[in-house]
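Colleague: Take a look at the following structure, please.
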Amino acid sequence: MQTSVQVMLCIAVLASSVVDCAWGQLVPGTRPLEKHADRSVAMRSGFRRFLQQRLDVAQQRRAAAEIGDWKTWSARQRTALRRIVGAVDERVQPVAMELVGTVETGAQVAADDLLRVLRVRWPVLPGVYGEGLLLEPRGAVKLNVLALPDAAESPEALCGLTGDGNPQAYPWRLASSGCRVLVMTLIDRSDQWSGDPEVALTNVPHREWIYRQAFELGRHIIGYEVLKAEAAIEWLDGRPGEVPLALAGYGEGGLIALYTGALEPRVDATLVSGYFRSRTSLWQEPLSRNLFGLLRELGDAEIAALYGARPLIVDHTQQPEVSGPPAARAGRRSVAAPGAITTPDLREVNAEVGRSRALLASAGIAARIELVAAEPLVAEVSRPALERLFAQMQLPMPAARPVRLEVPTAVPAQRQRRQVYELVEYTQRLLRFSPRQRSAFWRGLTPQDDAPQWEQRCAEKREFLWREIVGRFPRPAGSAQARSRLVTEAARWHCYEVTLEVFAPDVFAWGYLLVPRDLKAGERRPVVVCQHGLEGLPATLINTDPTSRDFATYNAFAAQLADLGFVTFAPHNFYRGGNQFRELQRMAHPLGTTLFGLTTAQHQRHLEWLKTLPFVDGQRIGFYGLSYGGNTAMRVPALLTDYRVVIASGDFNEWIYKNATTDHGYSMIYHNVWEVFEWNLGHTFNHSELAALIAPRPFMVERGHNDGVALDEWVAAEYARVRRLYAKLGIPDKTTIEFFNGPHKIHGKGTYRFLQKHLNWPPQP
């Protein structure tokens, strides 16, 4: 029936205009599209299903994998794991243990006839120290132990030196029986020093606070603590005598113990308590545990397999109870990411342990991985697990000995403050030197007035961006199965809603196509793809109501460009739904991809389909985006060279500094945009380097002086690098920047002229 109506409409107008006949209810070559209550929700839901399916497939692929030659496999995976956690910096040498104290407190906490307890620190990175307590036995040492408490527990608490004491405190009982025990401080989950009183304070837990800065620079709170643990191991291993070395950790300490033991062959045995499970739901855990690309090849089972024939005790205990984000206290910004730690079912832990054993069996190695499941579950390292550790080391289990001491609570607090500030300062130092690292990354690509060859010369960098940072999905296959419906009409254009299949059945593209009414038969026009920003919709870009918020921001630029005779296409992106779309980024990250990765796949489909339209000139397609759409403009056209003209409005910036600095309120670390950080972007691509991947194609920046995204000075300095590149390529006329008096919005003056010039519309005689 609908098709019949369409034919009748065509017949009715045939006498007046053949072109108008083509513009009935459908775009030529498309099938009818049904109305939908909220297609943005459907898109988001589809992507969630798609990502969950890919997480499941990755799990199945890991489960089916075999090691073969363990030595080769483990070397490759250790290298990958070290890169994934960001434990890549050269440590300070030598590792010398120092006493930490003041005139009032001294370094010695306690001493008796069996042991002494000392506050110590050891160098790790420039300006960064590990800190904790050293429990040194009086007699001969029979075992060295690095003890790693949960993030919520101080070394003093783990040793029973706070409150009423803890007679089961295992570091104390180990040291009392002849073990040297070093208890390392971990960064905790409080928010006391998350922020700058001169800028803003936040409710971000300390672990996430450091994560936010470090992730952009290819570093991680997990990697920093692994390096601290490795430095401690180096010192312990260097003590006189042939003494075995063990790791023991609970909760977050269990995480660091698992990873450190996997990377450090000097560890003879490891006890991991309150941390071991399938990581398919890693995206639901605290943001500080987010690891880009981990699940492509590594889960807990694979990391455990890196132990080879060394003993690993997995202690199934109650994991630290963490839910989030934490409530913001008065005077603090509520910007922390959600995330929870839950205790897995024993069957899940057992299955992951079984996978690890099977992996080692495929390499002909008899696994020494033991699962201990004490009942009832305890929120600490269990006694049975300690017994198994000592049995593996062929040592008797030490007896319990009550602790009758207490230390001032101020001492652990002061140490935590130092630990947080040291890592913040180290990360900020990396940020300051990141331009140098980017220069090294781009070395060898100095422009030499060879604009035609520049794009080809940058192919390797483009591939790196796509593969290692954005995350490359397969190119959409098959037909787009385009569907359309007429939405509205204006004096100079028709507006159609269009959907395109990308990865059926879950991932599709959706947008509004505006087609000028004055198209002549056989004419091919340029296209401008107009990209909205955060929480936008395609309709946002055609709202011509001058009193609307949409118009105040977007200036109906898709409609205005259609008024000028361009075909325009306003696709929807994922940046809608608050934390719901941010969760999609979390789901994507462990797979080594991002929302931009999927957006790029959608744009591949956009371009493919637009080129099939009989009224589109496929060699004249431009991209113009505002805000999050401006960020898209910096990434998608850098990867997809079929976009022949690019305009970034609003968000072009000194992007790395803006994301990671602690010095300005503009910084993303002070805002609820926890999905925005991109793994190691800071050492590879700032916005000027992304623009280099767009060159020699025409590129423009639009910027309001009152734009609250950042300072004009940041924008101007970063753009100066772009201008220099284009000048050296001999094409200075192909780039420009327009500043205007206004806020974060589409100005639509110089940008329209830029599009008209470089897309040759109207055609010049």
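Quick note: the coordinates plus some simple rules give every number you see, no bench work behind them. The shown structure was predicted, so the numbers you read here are calculated from the model rather than taken from an experiment. Please note: Cβ atoms are built from the backbone with ideal geometry, for glycine as well, and neighbour counts cover all protein chains shown.
Colleague: I need the calculated FRET efficiency for the pair Thr342 and Gln764, taking r as the beta carbon distance and R₀ as 60 Å, to the nearest 0.05.
Modeller: Using R0 = 60 Å, I get an efficiency of 0.40.
Colleague: Now a separate question. Ratio of Rg to Rh for segment 101-432, alpha carbon only, Kirkwood?
Modeller: Looking at segment 101-432, the ratio lands at 0.95.
Colleague: Give me the number: length gained by fully extending Ala330 to Gln456, i.e. 0.36 nm times residue separation minus the C-alpha to C-alpha distance, one decimal in nm.
Modeller: 40.0 nm is the gain from fully extending Ala330 to Gln456.
Colleague: Between Rg and the Kirkwood Rh of segment 525-637, both from Cα atoms, what is the Rg to Rh ratio?
Modeller: 1.00
Colleague: Looking at the P(r) of segment 455-530, how many percent of alpha-carbon pairs lie beyond 18 Å? Each step should come with its number before you reach the end.
Modeller: Working: 1798 of 2850 pairs.
Looking at segment 455-530, the distances longer than 18 Å represent 63 percent of pairs.
Colleague: Return the whole-Å distance between the Cα centroid of segment 124-156 and the Cα centroid of segment 303-350.
Modeller: Here the answer is 22 Å between Cα centres.
Colleague: Between Ala374 and Lys520, what is the FRET efficiency for a Förster distance of 56 Å, r being their Cβ-Cβ separation, to the nearest 0.05?
Modeller: My answer for the efficiency is 0.10.
Colleague: Could I have the simple spin-label model distance between Val41 and Arg239, label points 7 Å from Cα toward Cβ, reported in nm to one decimal?
Modeller: Roughly 6.2 nm, to one decimal.
Colleague: Based on alpha-carbon centroids, what's the gap between segment 464-524 and segment 84-113 in Å, whole number please?
Modeller: If we compute the Cα centre of each part, the gap is 59 Å.
Colleague: Taking only C-alpha pairs under 8 Å that are 6+ residues apart, what is the relative contact order of segment 101-432 in percent? Intermediate values should be presented prior to the final figure.
Modeller: Working: 669 pairs, mean separation 68.2, N = 332.
21 percent.
Colleague: Give me the Å³ per residue figure for the convex hull around the C-alpha atoms of segment 334-490.
Modeller: 450 Å³
Colleague: Hey, could you grab the Kirkwood Rh for segment 200-264? Inverse mean 1/r over distinct alpha carbon pairs, Å, one decimal.
Modeller: 13.4 Å
Colleague: To continue, here is another question. Under the 0.36 nm per residue contour assumption, what length would be gained going from the current alpha-carbon distance of Ala440 and Gln414 to full extension? It would help to have the intermediate numbers written out before the result.
Modeller: On the way: separation 26, 0.36 × 26 = 9.36 nm, distance 3.85 nm.
Fully extending the segment from Ala440 to Gln414 adds 5.5 nm.
Colleague: If you take the alpha carbon radius of gyration of the chain and divide it by 2.2 N^0.38 Å, what ratio comes out, to two decimals?
Modeller: Normalised by 2.2 N^0.38 Å, the Cα Rg of the chain equals 1.08.
Colleague: Now a separate question. Using Cα positions and a limit of under 13 Å, work out the aspartates and glutamates in reach of Lys228, with same-chain residues fewer than 8 apart set aside.
Modeller: Within reach: Asp89, Glu90, Glu131, Glu264, Glu422.
Colleague: Only four residue types carry charge here, +1 at the Cβ of Lys and Arg and -1 at the Cβ of Asp and Glu. Report the dipole size of the chain about the Cα centre in Debye, rounded to the nearest 20. If you can, show how the numbers build up before the last one.
Modeller: On the way: 87 positive and 81 negative charges, 327 e Å.
It comes to approximately 1560 debye.
Colleague: Can you tell me how much longer the chain between Ala716 and Thr79 gets when fully stretched, taken as 0.36 nm per residue apart minus their C-alpha distance, in nm with one decimal?
Modeller: Residue separation times 0.36 nm, minus the Cα-Cα distance, leaves 225.4 nm.
Colleague: A further question follows. Using just the C-alpha positions of segment 42-177 as equal point scatterers, what log10 of I(q)/I(0) does the Debye formula give at each q in 0.12, 0.13, 0.14, 0.22 1/Å?
Modeller: Debye intensities relative to I(0), on a log10 scale: -0.77, -0.83, -0.88, -1.35.
Colleague: Let's test the formula: R0 of 22 Å, r as the Cβ-Cβ distance of Arg296 and Ser362. What FRET efficiency results, to the nearest 0.05?
Modeller: 0.70
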